[in-house]
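One structure is given below, encoded as C-alpha cells.
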Amino acid sequence: MEAAEGLVPWLVVGPDGAPVEPVRRFLADFVAQDNSPGSVRSYAYGLLRWWRWLRAVGVEWDKATPAEVRDLVLWLRQASKPRRAARTVSAATAGTVNPVTRKRHLGDGYGPRTIRHSNAVVRSFYEFWIEAGAGPLINPVRLARQGGRPNVHHNPLEPFRPEGRIRYNPKVPRQRPREMAEERWRDLFAAMRSNRDRAVLALAVSNGARASEILGMRVADVDWGDQLVRVYRKGTRAAQWLPAGPDALIWLRLYLADLGVPLEAGDLIWQTLRRRDHGDGLKRQPVNYEALRAVFRRVNALLGSNWSMHDLRHTASLRMARDEALSLRDVQVILGHAHLSTTADVYLVEEEAQVIARVADHLARREAPLPEPAPGGYEAADLAVLLGGLAR
C-alpha cells in the first residue's frame, strides 16, 4: 500500500506495482462519500489484509465465500501482528496490565476491535460491487440474523432493531472510561520537558478535545479574550468553540514566546522544538500524532506507565459529568457527541474505588458485634409518670 496524489489519497498496489483496480474503484467511491483521508487509509489497510489473504488461499476476489471470511477470522485470532522491528523494552510488558494506570499494554496479536473492523471493511467492499452488478452473488461477510426477518412487524412508534451483527464478529468487552487520579495527573504534567507539551496536556484535560482536534488548531483558532479555542470535530469536521482553562492559555502563551518568531494567523500552532531541513531549509515542522506519541512514550518510560492522550479526554469528561453545576447535555456539547445516549452510556458510571469502599463498609458493619440489649425492668420514675404516682 502506498500514498498517492489525486482524489484517492491511498492505494493498494499489486506485486507489479500497479494499483489493484477493484480496490481503487471502491476507495474512489468511498472518498466521494466525504470520508476523511484517515478513514481512507484505514479501509485501504483492511483491504490490503484481505487481498493478501485471498492470494495466500488461492481464491479470486470475486469468487470469495463466507468460508474465506471465517478462516481469516480464525487466523487473525491466533496470529501475531507483523512488526518492522522486534520488541526490545516492551517485550516484557506486552499484553500485561500496567500497575500504575491499571490499563493493559498492547499485545502482539490482533484485538477483537481490529477483527471487527476488518469484517466491516470487507463487507462494505462487497456491498459496493454487488450493487454495481459485479463480484459474487452474495456478500461473503454474512450477518447472523435471528428470529426471522428483522423488523417484520415494526411498530412505527419504536426505533428499528439492528438487522443483525456480522456472523464472525468477536465480542468486545465493555471498557470503563480511564480516569487519571489527581496525583497521577500531577506526575504526568511534571514529567513534561517543554511548555509546548504542558500546553497540550492542560488544554486536553480542560475541555476533553481529541488529539487530532488539538493538533489541527491554528493561531486564529485561539480567542484570548473569551478564553476559547476552536477545533474541527472528528467525523463531521464542523467548527466548534470550546472553553480553555486559564492555566492552559498561560502555558500556551509561554510556548509561543519560546518559539521566538511570531506565527501567522493561518499557521498551525503546534510546531516541533527543533528545526529540520526537508528540502526547503531549516524550519520548524508541524507536530503530528506520531510526534505526540513519542512524547508520551518518553514520559511513560520515566513514570512506568502507559498513559495516552485519550486518557486525558476521559479524565476531563468524568470531571464534568460529576459536577452538579453541569448537566449531561452540557457535557455532550463539549465532547462533541452526536447522541446524548453516547455520553450517558460511557460517562455516567460509578467510580470503582468508591463502590469498593462502600461494599467494604457494608462488610465491616456485618462483622461488628451487635449492641447489648437493655436490662429488663422499668425505672420507678417512669412508672410514676405513667401510672400517675401510684407505682410502688
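The values are calculated or read from the model by the stated rules, or taken from the named source; none is laboratory data. Just so you know, these numbers come straight off a predicted model, no measurement behind them. We place every Cβ from the backbone using ideal geometry, glycine too, and count neighbours over all the protein chains shown. Please note that ligands, DNA and RNA were not included when accessible areas were found on the heavy atoms of the full protein model with its side chains. Shrake-Rupley method; radii C 1.70, N 1.55, O 1.52, S 1.80 Å.
Its residue count N fixes a reference of 2.2 N^0.38 Å for the chain, and the Cα radius of gyration divided by that reference is 1.37. Here the extension length gained between residue 363 and residue 234 equals 41.8 nm, from 0.36 nm per residue of separation less the Cα-Cα distance. Under 5 Å between amide hydrogens, built in the peptide plane, is the criterion, and for residue 223 it picks out 228, 229, 230 among residues at least 5 positions away or on other chains. Close amide H partners of residue 10, meaning residues 5 or more places away or on another chain with modelled amide H under 5 Å apart, are 4. The helix-only estimate of mean residue ellipticity at 222 nm for the chain, built from DSSP H runs of length n ≥ 4 each weighted as -39500 (n - 2.57), is -14000 deg cm²/dmol after division by the residue total. For the chain, set up a GNM with springs between Cα atoms under 10 Å and report which of 253, 52, 233 has the largest fluctuation. Largest GNM mean-square fluctuation: 52. For region 226-327, averaging the sequence separation of C-alpha pairs within contact (under 8 Å, six or more residues apart) and dividing by the residue count gives a relative contact order of 11 percent. Ordering 255, 110 by accessible surface, largest first, gives 110, 255; the 1.4 Å probe counts only protein heavy atoms, with every chain in place.
Between residue 59 and residue 113, full extension at 0.36 nm per residue minus the direct alpha carbon distance yields a gain of 16.9 nm.
Length gained on full extension, residue 247 to residue 67, computed as 0.36 nm times the residue gap minus the Cα-Cα distance: 59.1 nm. What the Cβ-Cβ distance of residue 293 and residue 385 gives, at R0 = 56 Å and to the nearest 0.05, is a FRET efficiency of 0.10. Using the Cβ-Cβ distance between residue 275 and residue 155 with R0 set to 51 Å, the FRET efficiency from 1/(1 + (r/R0)^6) comes to roughly 0.20. Put the Cα centre of region 63-126 next to the Cα centre of region 290-359 and the gap is 25 Å.
Straight-line cross-link reach from residue 63 at under 20 Å between alpha-carbon atoms covers these aspartates and glutamates, not counting any fewer than eight positions away in the same chain: 21, 71, 127, 131. Comparing 382, 361, 226 in a Gaussian network model of the chain where C-alpha atoms under 10 Å apart are linked, the largest mean-square fluctuation is found at 382. Taking label points 7 Å from Cα along the Cα-to-Cβ direction, residue 186 and residue 167 give a separation of 5.7 nm.
Close amide H pairs (under 5 Å, H built 1.01 Å from N) link residue 104 with 98, residues at least 5 positions away or on another chain.
Considering region 1-130 at the alpha-carbon level, its Rg and Dmax are found to be 16.7, 50 Å.
Which residue, 326, 48, 282, tops the fluctuation ranking in a GNM of the chain built on C-alpha contacts under 10 Å? Evaluated over the chain, the most mobile residue of the options is 282. Partner lysines whose Cα lies under 26 Å from the Cα of residue 234, excluding those fewer than 8 positions away in the same chain, are identified as 103, 171. Taking only protein heavy atoms and a 1.4 Å probe, the accessible area of region 250-312 is 56% carbon and sulfur. Estimated from the Cβ-Cβ distance and a Förster radius of 45 angstrom, the FRET efficiency linking residue 265 and residue 88 is about 0.55.
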